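Participant: Here it is, the structure in full.
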Amino acid sequence: MTASMPQTVEAINHAKAAKVPMIVAINKIDKPDAKPERVRTELTAARSAGRIARRRTSLTSEVSAKNKTNLDKLLEMIALQAELLDLKTNRRAPPKAP
């Protein structure tokens, strides 16, 4: 990822350390100069450079939070990933940090 996206690099590092798959929401697709393909190219470059494990699943979803575009698709992707990974939660338990 580019140096101008430190939060993205940090998120990738956390996912890599936790050995979990990532879902990347490519935001601001409503902007005329949006280049979602560039983000995908940078993710591929990060994978090639070893910053993202080659076998690690990284799904992408193009969204516009401002216009609420494709948020339903992003939620579907999250639900599908949770189902595939058989993630469960105890809704009655209090939240706790890992």
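The values are calculated or read from the model by the stated rules, or taken from the named source; none is laboratory data. Since we're looking at a predicted model, the values are computed, not measured. Note: ideal-geometry Cβ built from the backbone for every residue, glycine included; neighbour counts use all protein chains shown. Surface areas here come from the heavy atoms of the whole protein model, side chains and all, with no ligands, DNA or RNA. Shrake-Rupley method; radii C 1.70, N 1.55, O 1.52, S 1.80 Å.
Participant: Note down the nm distance, to one decimal, between modelled labels 7 Å out along Cα→Cβ at Ala97 and at Ala11.
Facilitator: Simple spin-label model gives 2.0 nm for this pair.
Participant: Multiplying the sequence separation of Thr89 and Ser64 by 0.36 nm and subtracting their Cα-Cα distance, what value in nm do you get? Please list the in-between numbers first.
Facilitator: Values: separation 25, 0.36 × 25 = 9.00 nm, distance 2.85 nm.
Residue separation times 0.36 nm, minus the Cα-Cα distance, leaves 6.2 nm.
Participant: Got a sec? What order do Leu80, Leu74 fall in by accessible area at 1.4 Å, biggest, i.e. largest, first?
Facilitator: Details: Leu80 95, Leu74 30 Å².
Output order, biggest surface exposure first: Leu80, Leu74.
Participant: Per residue, how much accessible surface does the chain expose to a 1.4 Å probe? Answer in Å², no decimals. Intermediate results must be reported in sequence, preceding the final value.
Facilitator: Numbers: 7670 Å² over 98 residues.
Accessible area per residue, the chain: 78 Å².
Participant: Starting from the Cα-Cα distance between Leu80 and Ala49, subtract it from 0.36 nm times their residue separation and give me the gain in nm to one decimal. If you can, show how the numbers build up before the last one.
Facilitator: On the way: separation 31, 0.36 × 31 = 11.16 nm, distance 2.80 nm.
The span from Leu80 to Ala49 would gain 8.4 nm if fully extended.
Participant: Oh, and also: What value, in deg cm²/dmol to 500, does the helix sum -39500 (n - 2.57) over DSSP H runs of n ≥ 4 give at 222 nm once divided by the residues of the chain? Intermediate values should be presented prior to the final figure.
Facilitator: Values: 3 runs with 40 residues, N = 98.
For the chain, the value works out to -13000 deg cm²/dmol.
Participant: Continuing with this model, one more query. Leaving ligands, DNA and RNA out of it, work out the accessible area of Glu10 with a 1.4 Å probe and give it in Å² to the nearest 10.
Facilitator: 110 Å²
Participant: Considering amide H positions built from the backbone, and no H for Pro or chain starts, which residues 5 or more places from Ile26, or on another chain, come under 5 Å of its amide H?
Facilitator: The answer is Ser61, Glu62, Val63.
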